[in-house]
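Here is the structure we will look at.
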Amino acid sequence: MQNNGARAQRAGKKILTENFYGIVLACIPLVGTVLFMFLPLVFSMVLSVSSMKGFNPENIEFLGVANLFDNYKYILKDELFWKSVGNTFYAALSLPISMVLALIVSVLMNADIKGKTLFRTIFFLPYVCSVVALTSMWRLVLDTNYGLLNELLGTRINWLSNEKTYMPVMILMGAWTSLGFNVILFSAALTGVPKTYYEAATIDGAGWFKRFWSITLPLISPTVFYLLVTGLIGAIQDFTRFQAIGFGTTGPNNAGLTMVYYLYQQGFTNNYTYGMGYAAATSWIVTFLIMVLTVVNFKVSKRWVYYD
């Protein structure tokens, strides 16, 4: 009896010890989440209804209940902000272009051809490269005097100094950069489509377009939906390449001013004039826009995404 009691006591201590270390290990990411996500989130919310010029937190001044949403009102009345909204969604056209091209490439590479793994790797390389490095490469490609694009077209167009050509080439760059990632995911989705479906459809007399429209697209629709949602969120947050392509400028007549670039200017470039409060308010407007578009995407997806 004593031995059984001692064994039970040791087992109980072991369980308590394991539970203790389990709780400690589980708390590590929780502490990181609180320190680096929750607290900055709360601070930005407070900052969005406050005024803070410069970078000293001691300069924060609460706007007061009567003027609680003054920062938001200023942003929403600023014509430059609405121009940045238009530019952002204009630049987001690279998303459907990239997805369509990636689907075409994936379908072609899904055939029984040699070296398709190598081709997928080549397509994927731009996605894993530094955005700044890729942007520097594209700046050389778009150079007026010795750029590859002008050499191929036989022209001398200054692509990045003309408001009409600035965004189209940025859309081209965005589509090219994200193409590899989309190809990899579409290729994986296509390999999961049972070939028996195509065989049955062929026996029934369905052509390649009918097979693609009625079999391929419905079965890979979850992947299309995933790429659409994540791609749209990334497009709304697009900033780095627009800053790098113009060495910190926003292009001709602010043609490259995106919403996040506008946020950056309010918080850092014009900090001593406007203050971090405007930047924080802009960030919450962008967050709200992303939330609304994501919810709409999920609602609409019920009509065209098939999970069976």
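The values are calculated or read from the model by the stated rules, or taken from the named source; none is laboratory data. Source: prediction; values computed, not measured. Neighbour counts run over all protein chains shown; Cβ positions are idealised from the backbone, glycine included.
Just checking, does the stretch 150-158 include any residue being hydroxyl-bearing (Ser, Thr, Tyr), surrounded by fewer than 20 Cβ atoms within 10 Å (Cβ to Cβ) and out of contact with any helix residue (DSSP H, G or I) (no Cβ under 8 Å at 6 or more places or on another chain)?
yes
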Exercise. Between a first residue in the stretch 123-138 that is part of a helix (DSSP H, G or I) and a second residue that is among the polar types (S, T, N, Q), which pairs have beta carbons less than 7 Å apart while being 6 or more apart in sequence or on different chains?
Worked result: PRO126/THR177; TYR127/THR177; TYR127/SER178; VAL131/THR240; VAL132/THR240; LEU134/THR177
For this session: Kindly indicate the residue of the stretch 229-263 that is of a type in the set (Ser, Thr, Tyr) and buried (at least 20 other Cβ atoms within 10 Å of the Cβ) and also modelled with the lowest pLDDT among those meeting that condition.
Result: THR250
Exercise. Given THR250, THR258, which one is without any contact (Cβ under 8 Å) to a residue 40 or more places away in the chain and under 17 Å from THR88 (Cα atoms)?
Worked result: THR250
For this session: Tell me, yes or no, whether the stretch 240-249 has at least one residue that is under 30 Å from SER51 (Cβ atoms) and either touching a helix residue (DSSP H, G or I) at 6+ places or on another chain (Cβ under 6 Å) or among the acidic types (Asp, Glu) (or both).
Result: yes
Seminar exercise, completed: Exception for VAL34 within (1) under 26 Å from the mean Cα position of the chain (by Cα); (2) of a type in the set (A, V, I, L, M); (3) under 20 Å from PHE268 (Cα atoms) falls at (3)
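Look through LEU152, LEU160 and report the one residue that is in contact (Cβ under 8 Å) with a residue 12 or more places away in the chain and not in a loop (DSSP other than H, G, I, E, B). Give the derivation first.
Working: LEU152 fails: in contact (Cβ under 8 Å) with a residue 12 or more places away in the chain.
Selected residue: LEU160, the only one of LEU152, LEU160 that is in contact (Cβ under 8 Å) with a residue 12 or more places away in the chain and not in a loop (DSSP other than H, G, I, E, B).
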For this session: Considering every residue within the stretch 49-58, establish whether at least one is at pLDDT below 90 and assigned to a helix (DSSP H, G or I).
Result: yes
Exercise. Do we have any residue at all in the stretch 95-106 that's surrounded by 16 or more Cβ atoms within 10 Å (Cβ to Cβ), among the hydrophobic types (A, V, I, L, M, F, W, C), over 15 Å from LEU185 (Cβ atoms) and within 17 Å of the chain's Cα centre (by Cα)?
Worked result: yes
Exercise. Within the bounds of the stretch 191-204, is there any residue that is assigned to a helix (DSSP H, G or I) and buried (at least 18 other Cβ atoms within 10 Å of the Cβ)?
Worked result: no
